[in-house]
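The values are calculated or read from the model by the stated rules, or taken from the named source; none is laboratory data. Just so it is clear, the model here is predicted, and its values are computed rather than measured. We place every Cβ from the backbone using ideal geometry, glycine too, and count neighbours over all the protein chains shown. The protein model used for the area step is the full one, side chains on, heavy atoms only, and it has no ligands, DNA or RNA in it. Shrake-Rupley method; radii C 1.70, N 1.55, O 1.52, S 1.80 Å.
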Amino acid sequence: MLDDFMTRATLAGVGVAFAAAPLGCFVVWRRMAYFGDATAHAAILGIALSLALQISVFAGAMVVALIMALMVTHLAGRGYAIDTLLGVLAHSALAFGLVAVSFLSGVRIDLMAYLFGDILAVSRLDLMVIWGGAALVVGLILWRWSALLTSTLNEELAYASGLNPKREQLILTISLAITVAVAIKVVGVLLIAAMLIIPAAAARGLARTPEAMAGIAAAIGAISAVAGLQGAYVFDTPAGPSIVCVAAILFACLNLWGWRSRSGV
Amino acid sequence: MSLISVENLQVRYGANTVLRNVSLAIEPGEIVTIVGPNGSGKTSLLRAIIGAATPAAGQIALRPGLKIGYVPQKLHIDPTLPITVERFMQLTDRVPRATCQAALETAGVPGLLKRQMSQLSGGQFQRVLLARALINHPDVLLLDEATQGLDQPGSAAFYQQIETVRRDTGCAVLMISHELHVVMSASDRVICLNGHVCCEGAPEVVASAPEYRALFGTGTGGALALYRHDHDHTHGDGCGHDHAHADAHSKEHEAAE
């Protein structure tokens, strides 16, 4: 069954959607959307370094994404507004990454594949990495769910309940780095943030509890992956962007529907 | 032993010392109110007690196994986060629905269980926060300006609720308020804070203390002037603060009313 490239691609897409959904909810609730971008852009630098050092792309991307995420967390609230800081770091990381790639003489790399993903080339090993990473992220978030939610709602409330919001923030940061690293092959650096945010945002109108929102986001993400790949196959369009397009269309439809039912048309 | 005892607490943010030499103790079942102008370190004191701020010096001792119910000053729920009152109540402890219902009744807002937090009025919201704090039967309730954003009848009703809660559950209450005229009747003890403990005692004692008057002016309640007391508190020269902001504060106070 796994011999078929479409099957592997679909499984890869669904795996990323499952990891991205609960994490994406926290990214949306905590207004960290740009944070996802910064982490993802840093991954390009990680890819260049891992090719230069001849280590696995997944490991390189994850380490640099993690360093980036930790740096942002550490620098936040020290002089610059967080969006300014993220703007500086995200775009510099992307620029340094692209420059670093150009130094790699002798290695021919398809930059487009990393920027926009190459889900159709996913191997069995990639699939294991993606599902392993997704399981780790989902496990981490499920384990810390209540603590993460309490810290997101109010820091003092978390402290009074004996939790450490800084530790919970670190767990989100690590999960984000893992998700970025496993999602690079599927949707690419430029569209990872879309897979985090769009399904979560689309699920908002349908959910009455945080848990429901994460579940619905996972479903929307998985539908987008499956439908996007089918669309890419039928219309011969690039696969990663097609997945994001389906998610965006679902977001628009759900919002229009919610708006219509609220205004009683 | 005291539920909470604070000794010579000092809290600093960078080079800025917001609290120095603060000592106080909270005994079982009493209602203690902390009053003080903006920037006097009231919130920092509460943050230090719950462990959100690290003391630069001094000690905070909680009775072993002390259960704290905390009501934050303001809880902003991002509009993208859907959450029902019931789910909010179960945030840290997975308690049964009946327990949630009982806590909501104690807080004076029965029947909100299925509502979205975002649909509640200001008064309902604060009472749900109170109910959540009561859910694990705390030994002490900490409230940080819990009536911010409520009108005067609303906050008066809220403080009456606090008194009822104390009567019914026997928990101690430590609260911050800038509305001494509202909390007066409910408090057993008032601590006037301005970076350090200016004065403390029964509400009527504090209200007529010169230190309190200097901070808040006399406009806060003509009725309070009727109280007579022997004030034995002396203000050391070493504390190094002046009360020049008293005017600005009383203006602000009038504007708020």
If the requirement is being free of Cβ contacts under 8 Å to residues at least 12 places away in the same chain and on the phi > 0 side of the Ramachandran plot, which of these qualifies: B:G51, B:G29, B:G41? B:G51
Looking only at segment B:24-47, how many residues end up being closer than 17 Å to B:R213 by Cα and either open to solvent by less than 10 Å² (accessible area, probe 1.4 Å) or of a type in the set (S, T, Y) (or both)? 6
Out of A:A218, A:A194, A:A181, which single residue is closer than 28 Å to B:R94 by Cβ and either crowded, with 22+ Cβ neighbours inside 10 Å or among the aliphatic types (A, V, I, L, M) (or both)? A:A218
Is there any pair linking a residue in segment A:187-208 that is under 18 Å from A:F26 (Cβ atoms) and part of a helix (DSSP H, G or I) to one that is open to solvent by 30 Å² or more (accessible area, probe 1.4 Å) and acidic (D, E), with Cβ under 8 Å and at least six apart or on different chains, and which? A:A193/A:D37
Under 6 Å between Cβ atoms, which residue pairs at least 6 apart in sequence (or on different chains) link something in segment A:131-147 that is closer than 16 Å to A:A21 by Cβ with a partner that is part of a helix (DSSP H, G or I) and open to solvent by 30 Å² or more (accessible area, probe 1.4 Å)? A:A134/A:F18
Across segment B:44-58, which residue is nearest to the other protein chains (Cβ to nearest Cβ) among those that are outside any loop (DSSP other than H, G, I, E, B) and aliphatic (A, V, I, L, M)? B:I50
Residue under evaluation A:N255, criteria (1) of a type in the set (S, T, N, Q); (2) open to solvent by less than 20 Å² (accessible area, probe 1.4 Å); (3) more than 22 Å from A:A12 (Cα to Cα), criterion not met: (2)
Need pairs with beta-carbon distance below 7 Å; first residue touching a residue at least 24 places away in the same chain (Cβ under 8 Å) and within 9 Å of another protein chain (Cβ to nearest Cβ) and within segment B:79-95, second among the β-branched types (V, I, T) and assigned to a loop (DSSP other than H, G, I, E, B); sequence gap 6+ or separate chains. B:P82/A:T209; B:I83/A:T209; B:I83/B:I77; B:T84/A:T209; B:D93/B:I135
Find all pairs meeting these conditions: Cβ atoms under 6 angstrom apart; at least six residues apart or on different chains; first residue within segment A:22-45 and within 14 Å of chain B (Cβ to nearest Cβ); second residue not in a helix (DSSP H, G or I). A:V28/B:T80; A:W29/B:D78; A:W29/B:T80; A:W29/B:L81
Somewhere in segment A:47-57, is a residue at negative phi, loosely packed, with under 15 Cβ neighbours inside 10 Å and in a helix (DSSP H, G or I)? yes
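Per-residue answers, yes or no, for (1) open to solvent by less than 60 Å² (accessible area, probe 1.4 Å); (2) closer than 30 Å to B:R12 by Cα; (3) modelled with pLDDT of 70 or more:
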| position | (1), (2), (3) |
| --- | --- |
| B:D151 | no, no, yes |
| B:F158 | yes, no, yes |
| B:V173 | yes, yes, yes |
| B:G195 | yes, yes, yes |
| B:P203 | yes, yes, yes |
| B:A209 | yes, yes, yes |
| B:Y212 | yes, yes, yes |
| B:G236 | yes, yes, no |
| B:H243 | yes, yes, no |
Whether any residue in segment A:146-167 is more than 14 Å from every other protein chain (Cβ to nearest Cβ) and modelled with pLDDT of 90 or more is what I want to check. no
